[in-house]
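Some notes on the structure that comes next.
Just so it is clear, none of the values below were taken in a lab; they were calculated from the coordinates. Everything numeric here is computed off the predicted structure, so don't read it as measured data. Cβ coordinates were reconstructed from backbone atoms using ideal geometry, including for glycine residues, and neighbour counts include every protein chain displayed.
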């Protein structure tokens with residue numbers, strides 16, 4: 001048992017950004033389905049409960065519109081952020097979700113596609129290393145981890161390289177609004193809304209041009225899906241292009257930089273990986289288990305349920321801490337240790353069931369190739385510190401990540 | 001409650017209670033069964049939840065869709081013997097269903 005007092009637990013506690021894992025452990029050991037009065041929600045921390053919730057989409061929904069309206073009032077219907085996010089497949093339930101998801105699943109999750117994406121990611125990682133060739137010191141986050149997914153998704157959506165400067169900054173304004181980690185008011189709201197309007201205009205124009213000249217890219221596949229009636233209207237179509245553009249950025253940036261930090265905190269594991277690159281596939285799985293960027297996701301039961309022995313009323317919010325499930329000793333032996341040759345059980349980092357992250361194969365590939373390229377090209381790389389200060393971590397309760405990670409050598 | 005059995009070649013078998021209507025993949029994920037990755041979440045798009053049912057049970061399953069056949073072929077499985085567990089809806093008649101978990105490690 002840990003000595004953390006979970007009765008005072010608040011997911012918004014800034015200390016959670018630096019090292020949330022002892023708190024997850026205390027929650028899981030003391031009360032795996034725990035009511036948090038401060039935020040009026042349940043938090044789930046055991047693998048079994050989380051897997052049960054995520055794989056029962058009849059009972060547990062996103063209810064995005066309901067959640068936003070009940071929290072912020074009917075006025076949100078006028079907000080650009082609300083009208084964009086409610087149309088994105090990752091927040092949809094039921095029939096709408098079932099209508100759109102197969103198009104993405106076919107494109108993103110087929111093994112054939114995964115093979116085709118590999119050389120693209122390799123080329124991008126290699127060219128980034130070429131660009132950093134003469135820099136002895138650089139920022140893993142800004143100069144490498146952030147650049148890989150940005151350039152990959154840019155290429156898949158046929159965004160010309162010179163346009164990234166115009167639109168990429170929008171992503172950091174949208175992600176906090178989408179994950180609900182900032183207030184829906186003032187500056188956050190204004191910036192998020194403005195970013196969405198900018199991206200709507202940009203991608204509407206890009207899609208129009210691409211329609212006249214389609215290729216074997218993701219944008220062309222989405223245009224074909226739209227022409228088949230896969231999207232209700234243009235607003236929904238463009239909203240989902242925007243989703244694809246931002247969804248992979250933030251998370252893959254975080255997983256690459258957190259993984260590099262985790263490996264440097266475990267030099268024996270790093271040495272093993274350098275000595276045996278054949279372990280890379282397993283190492284990536286373990287790094288996603290150990291440090292998932294998406295720490296938690298919300299679900300709302302549509303009927304009264306009993307989970308983990310707790311009675312939960314219909315309409316309550318349950319925050320499923322995927323990162324806590326990933327360290328449940330019932331499933332993973334010695335869960336708090338990074339063991340790169342660990343194998344076997346499904347990790348919860350990409351959720352489970354019909355809402356499983358559509359980009360999970362791409363994310364795995366980006367991390368694998370990103371790590372491999374870095375370790376090969378900069379074998380003697382060192383981090384400025386393996387204990388970054390609190391200010392280096394993103395201040396979010398549900399998405400873990402680093403804002404900066406200086407390296408040299 | 002009816003049960004299905006999944007056999008891991010290295011670690012023996014797991015007996016899993018189910019309710020009719022659940023898919024075999026979902027039951028496996030809920031019980032953290034090793035080797036069922038289900039990376040697409042049940043969209044027959046990734047081929048990482050493949051199993052080989054015992055012959056007697058295989059005959060009782062409804063025929064597979066073209067998508068499922070294609071996915072099994074793409075991932076090097078024999079569609080005459082293998083199935084995707086996400087496509088097997090468990091019914092009361094399948095009580096005792098037994099299958100071997102195939103190698104779903106695609107990394």
(request) State the Kirkwood hydrodynamic radius of region A:334-395 in Å, one decimal place, computed from all pairs of distinct Cα atoms. (result) 15.1 Å
(message) Over chain A, with a Gaussian network built from C-alpha contacts below 10 Å, which listed residue (A:290, A:245, A:21) shows the highest mean-square fluctuation?
(response) A:21
(request) Could you calculate the FRET efficiency of residue B:7 with residue B:55 from 1/(1 + (r/R0)^6), where r is the beta carbon distance between them and R0 is 22 Å, rounded to 0.05? (result) 0.95
(request) Name the residue, out of A:30, A:365, A:133, whose mean-square fluctuation peaks in a Gaussian network model built on chain A with Cα pairs under 10 Å. (result) A:133
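Quick one: in chain B, what % of C-alpha pairs are over 23 Å apart?
Values: 918 of 5671 pairs.
Counting every Cα pair in chain B, those more than 23 Å apart make up 16 percent.
Report the semi-axes of the equivalent ellipsoid for region A:176-224 in whole Å, largest first, where each axis is √(5λ) for an eigenvalue λ of the Cα gyration tensor.
Result for region A:176-224: semi-axes of 31, 12, 5 Å.
Two-decimal Rg/Rh of region A:118-247 from alpha-carbon positions, Kirkwood Rh?
Numbers: Rg = 16.3 Å, Rh = 16.1 Å.
With Rh from the inverse mean 1/r over Cα pairs, Rg/Rh is 1.01.
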(request) Enter the Cα centre distance for the pair region B:19-93 and region A:113-184, rounded to the nearest angstrom. (result) 36 Å
(request) Just rank A:266, A:249, A:164, fewest to most, by other beta-carbon atoms within 10 angstrom. (result) A:164, A:266, A:249
(message) Can you compute the modelled spin-label distance between residue B:106 and residue A:330, with each label point 7 Å from Cα toward Cβ, in nm?
(response) 2.9 nm
(request) Please arrange A:263, A:199 by counting, for each residue, the other beta carbons lying within 10 Å of its beta carbon, fewest first. (result) A:199, A:263
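Using a 10 Å cut-off around each Cβ of peptide A:53-60, what is the average number of partner chain Cβ atoms that fall inside? Each step should come with its number before you reach the end.
On the way: counts 1, 4, 11, 3, 3, 1, 0, 0.
Taking all residues of A:53-60 together, the mean is 3.
Figure the gain on full extension for residue A:29 and residue A:387 (residue separation times 0.36 nm, minus the Cα-Cα span) and round it to one decimal in nm.
Working: separation 358, 0.36 × 358 = 128.88 nm, distance 2.65 nm.
Gain on extension, residue A:29 to residue A:387, equals 126.2 nm.
Which whole-number value in Å³ per residue fits the convex hull of the alpha carbons of region A:1-94?
Numbers: hull volume 12.5 nm³, N = 94.
It is 133 Å³ per residue.
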(request) Return the single residue from A:381, A:219, A:361 with maximal mean-square fluctuation; model: Gaussian network over chain A, springs between Cα atoms under 10 Å. (result) A:381
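For chain B, what proportion of DSSP beta bridges, expressed in % and rounded to the nearest 5, is antiparallel? Walk me through the intermediate numbers first.
Values: 12 of 15 bridges.
Among the beta bridges of chain B, antiparallel pairing accounts for roughly 80 percent.
Would you mind ranking B:75, B:91 by Cβ crowding within 10 Å, fewest neighbours first?
On the way: B:75 20, B:91 15.
Result, fewest neighbours first: B:91, B:75.
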(message) I'd like the distance between the alpha-carbon centres of region A:4-62 and region A:350-379, rounded to an integer number of Å.
(response) 26 Å
(request) Note the per residue figure in Å³ for the convex hull of the C-alpha positions in region A:269-409. (result) 137 Å³
(message) Using the basic label-point model (7 angstrom from Cα toward the beta carbon), what is the residue A:233 to residue A:165 distance in nanometres?
(response) 3.7 nm
(message) For q values of 0.11, 0.14 Å⁻¹, compute log₁₀ I(q)/I(0) with the Debye formula on a Cα-only model of chain A, without solvent.
(response) -0.83, -1.40
